[in-house]
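Novice: Got a structure for you, written out below as structure tokens; questions coming shortly.
The values are calculated or read from the model by the stated rules, or taken from the named source; none is laboratory data. These figures come from a predicted structure and were not determined experimentally. Note: ideal-geometry Cβ built from the backbone for every residue, glycine included; neighbour counts use all protein chains shown.
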Ligand code: NAD
Ligand code: MG
């Protein structure tokens, strides 16, 4: 029986993974090792019971007593805290879903590779912050990483049976997010609620705002560069508001292979779950006559400065990705808390990267988990300082 763990089981990707697993027979057909969640203890306990997991871990230590109580008599072990999540990742499992949001998702996935697990990687931050480290670890332990981000799953599928050397370009599609049709001048005043109104995809809060700012696409460009090993100038981004083409690979003979489907993450979660097979998935079938037309347009870099920042991060490589992601997470926290405006996020990230300029080192691919975590920590301090400076300046102006 195949054994599985899900990190971030109570999130948007986690819930959809659990949904597919239950449809595939749940505990009758799979041995569930670990399920982890954040603060939603009731949901974590319910799914751990449904799937008869060996252990359920919540990130929030203050939730442990509640989790224990809810799991009493079920035979499911309960644990809490970041170190318990990492210990859970050290329990061998054949297939591991990495769906914690943010830099916190890196270490559990990294640990899972050590016992040769197939790592279904939704946590794009892992490749952005530590791509070379993760890929080297996978190779060392003969573990496999399968992409779950819809664009990367699409590219992965469009590459089946092809030689990567025949690839001319990779075209990432982007919905453009909630604010794509707003006038540029209005973006500075966009609220959290407005940025959360995503036209096509139902996702977690953080990635939805990152879609509106295209920080999500910026992370995905870097993720593409790391995962597929192509040059940055081979990666293009195009706005495709309907989100029916999930991404494309252009080959040297001019052919383009596109992956199409309804905007439903269970396409890519299910592909990773069933890989290398292609099994039935309960996703809507596209009726192209009904769809009628699909549209495309080039992204405007004035609206989406994050895309420009991604290029400079790729030019630097090494630990620049860890700094970029950490600064972006801090900027998002401040936007969510009302401290900075929507368009100030990119400026905050850019200034943070500039303050770290001399400290990141260049070229190197040789990095350790400790290096990545140290840069992440430093970038957060610098980004918070910058955010405080912006807040003081704005208070002075008022
Ligand atoms: P989410 O916010 O819905 O869920 C995140 C999960 O991680 C939850 O279980 C939460 O409790 C847990 N978590 C949050 N902070 C944690 C911490 N510090 N330590 C441990 N656990 C923590 O997020 P999501 O939308 O499911 O996204 C998960 C990951 O997948 C992200 O990296 C995101 O970029 C990526 N992704 C998501 C989608 C999507 O459609 N939602 C698509 C592509 C990629
Ligand atoms: Mg994506």
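Novice: Just one of (1) away from ligand 1 (no atom under 14 Å from the Cβ); (2) touching a strand residue (DSSP E or B) at 6+ places or on another chain (Cβ under 9 Å); (3) not assigned by TED's automatic domain parsing to the domain that holds residue 166 trips up residue 254, so point out which.
Specialist: That leaves (3) as the condition not met.
Novice: So which residues in the stretch 134-172 are within 16 Å of ligand 1 (Cβ to nearest atom), closer than 13 Å to residue 250 by Cα and assigned to a strand (DSSP E or B), if there are any at all?
Specialist: Hit for the stretch 134-172 is 172, nothing else.
Novice: Anything in the stretch 280-304 that is surrounded by 11 or more Cβ atoms within 10 Å (Cβ to Cβ), touching a residue at least 24 places away in the same chain (Cβ under 8 Å), out of contact with any strand residue (DSSP E or B) (no Cβ under 6 Å at 6 or more places or on another chain) and in a loop (DSSP other than H, G, I, E, B)? List them, or say none.
Specialist: 281, 286, 294, 300, 303, 304
Novice: Determine, yes or no, whether residue 187 is over 30 Å from residue 84 (Cα atoms), away from ligand 1 (no atom under 16 Å from the Cβ) and either surrounded by 18 or more Cβ atoms within 10 Å (Cβ to Cβ) or in the same structural domain as residue 89 (by TED's automatic domain parsing) (or both). Can you show your working first?
Specialist: Values: over 30 Å from residue 84 (Cα atoms): yes; away from ligand 1 (no atom under 16 Å from the Cβ): yes; either surrounded by 18 or more Cβ atoms within 10 Å (Cβ to Cβ) or in the same structural domain as residue 89 (by TED's automatic domain parsing) (or both): yes.
Yes, satisfied.
Novice: Here is a follow-up. Tell me, which helices (runs of 4 or more DSSP H) lie completely within the stretch 45-127 with 3 or more residues that are touching a helix residue (DSSP H, G or I) at 6+ places or on another chain (Cβ under 8 Å) and within 16 Å of residue 6 (Cβ to Cβ)? Give the derivation first.
Specialist: Values: elements: 64-71, 82-89, 106-114.
Helices (runs of 4 or more DSSP H) meeting the threshold: 82-89, 106-114.
Novice: Considering only the stretch 256-277, how many residues are assigned to a loop (DSSP other than H, G, I, E, B) and touching a helix residue (DSSP H, G or I) at 6+ places or on another chain (Cβ under 7 Å)? Walk me through how you get there before you give the answer.
Specialist: If we filter the stretch 256-277 for residues that are assigned to a loop (DSSP other than H, G, I, E, B), which is where we start, we get 261-265, 275-277.
Of the ones still in play, those that are also touching a helix residue (DSSP H, G or I) at 6+ places or on another chain (Cβ under 7 Å) are 261, 265.
Counting residues in the stretch 256-277 that are assigned to a loop (DSSP other than H, G, I, E, B) and touching a helix residue (DSSP H, G or I) at 6+ places or on another chain (Cβ under 7 Å) gives 2.
Novice: Here is a further query. Select, from 104, 89, the only residue that is in contact with a strand residue (DSSP E or B) (Cβ under 8 Å, 6 or more places away or on another chain) and either within 16 Å of ligand 2 (Cβ to nearest atom) or outside the structural domain of residue 219 (by TED's automatic domain parsing) (or both). Before the answer, list the steps.
Specialist: Details: 104 fails: in contact with a strand residue (DSSP E or B) (Cβ under 8 Å, 6 or more places away or on another chain).
Result of the check over 104, 89: 89.
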